[in-house]
Amino acid sequence: ANRENGFFYYDNILLSADYEVKGKYSVKNGTRLIACSAFLGCTKLTEVVMPDSVRYINEEAFYGCSSLKNVILSKNIEKISPRTFEDCISLSSIIIPASVSLIDTNAFANCISLRSVDIPQGVSQIDSYAFSHCLLLKSIVIPEGVSEIPESAFENCININGIKLNMKFLICILQVVPDLKT
């Protein structure tokens, strides 16, 4: 492994970052994998830009990055892994690339500043608690290809008022957000 300004790389894998890294960080071009917990607890990190060489972001990669406001994801990642952005309390918006097919368990849980999410057409699965406790989340677009959404996926998203989706999901969403019935 080699160390570059507080970031540890092994071949084309970003293994970890020092807790003290701050501000904006651009992941090194050619990186294919961001390892489990790579940025976990980097509370001074505010922005991350990924090259399109990144294919995989493993579990908890950005867990608890409480100052992270902006992330530009690679256009080639296949899924948002479990707990990838959990407790990123400053993250206010995210553009999920068209390459993503799965938004896994707790992917954006407790992102209390997240206001809007557009889920691309390729997504077929949104897992449990994926967006739970996203208190400011007001609008979400869910594509037709999503066949099932667990009730917990949007648990405690108390401000959702604009959900664009096809009719088969309406009952599920009404159970999650009772206020929509009125």
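The values are calculated or read from the model by the stated rules, or taken from the named source; none is laboratory data. Please read all numbers here as calculations on a predicted model, not as lab measurements. Cβ: placed from backbone, ideal geometry, glycine included. Neighbour counts: every protein chain shown. With ligands, DNA and RNA removed, areas are computed over all heavy atoms of the protein, side chains included. Shrake-Rupley method; radii C 1.70, N 1.55, O 1.52, S 1.80 Å.
Details
- For the residues Pro150, Pro82, Pro97, a GNM of the chain with alpha-carbon springs under 10 Å puts the largest fluctuation on Pro150.
- Solvent-accessible area per residue for the stretch 20-147 (1.4 angstrom probe, square angstrom): 40
- Inter-centroid distance (Cα atoms) of the stretch 77-143 relative to the stretch 1-37, Å: 23
- Using the Cβ-Cβ distance between Asp11 and Asn58 with R0 set to 25 Å, the FRET efficiency from 1/(1 + (r/R0)^6) comes to roughly 0.95.
- Across the protein chains, with a 1.4 Å probe defining accessible surface, the residues Leu135, Leu91 rank Leu135, Leu91 from largest area downward.
- Theoretical FRET efficiency, 1/(1+(r/R0)^6), r = Cβ-Cβ of Ser101 and Asn70, R0 22 Å, to 0.05: 0.40
- Available extension along the chain between Ser147 and Ser93 is 17.0 nm, counting 0.36 nm per residue and deducting the alpha carbon span.
- Ranked order, Arg3, Arg55, Arg32 - accessible area, probe 1.4 Å, largest first: Arg3, Arg32, Arg55
- Of Val141, Val21, the order by accessible heavy-atom surface (1.4 Å probe, DNA, RNA and ligands excluded), from most exposed downward, is Val141, Val21.
- Estimated from the Cβ-Cβ distance and a Förster radius of 25 angstrom, the FRET efficiency linking Arg3 and Lys24 is about 0.85.
- Selected from Ser128, Ser101, Ser147 as most flexible by GNM, with the chain as the system and alpha-carbon contacts under 10 Å: Ser147
- Per-residue HN-Hα couplings for the stretch 130-138 [Karplus 6.51, -1.76, 1.60; θ = phi - 60°; Hz; x = Gly/Pro]: 3, 10, 5, 6, 8, 5, 9, 5, 9
- Calculated translational diffusion coefficient of the stretch 1-152 (4 °C, 1.567 mPa s; Stokes-Einstein with Kirkwood radius over alpha-carbon pairs) equals 85 µm²/s.
- Considering only the Cα atoms of the stretch 17-102, their convex hull presents on average a projected area of 4.5 nm².
- Using heavy atoms of the protein chains and a probe of 1.4 Å, the accessible area assigned to Lys138 is about 90 Å².
- Rounded to the nearest 20, the Cβ-based charge dipole of the chain about its Cα centre (Lys and Arg +1, Asp and Glu -1) stands at 460 debye.
- Of the whole protein surface, Cys36 contributes about 70 Å² of accessible area at a 1.4 Å probe radius.
- Computed with a 1.4 Å probe on the full set of protein chains, the accessible area for Thr105 sits at about 40 Å².
- Surface share of carbon and sulfur [accessible, 1.4 angstrom probe, percent] for the chain: 50
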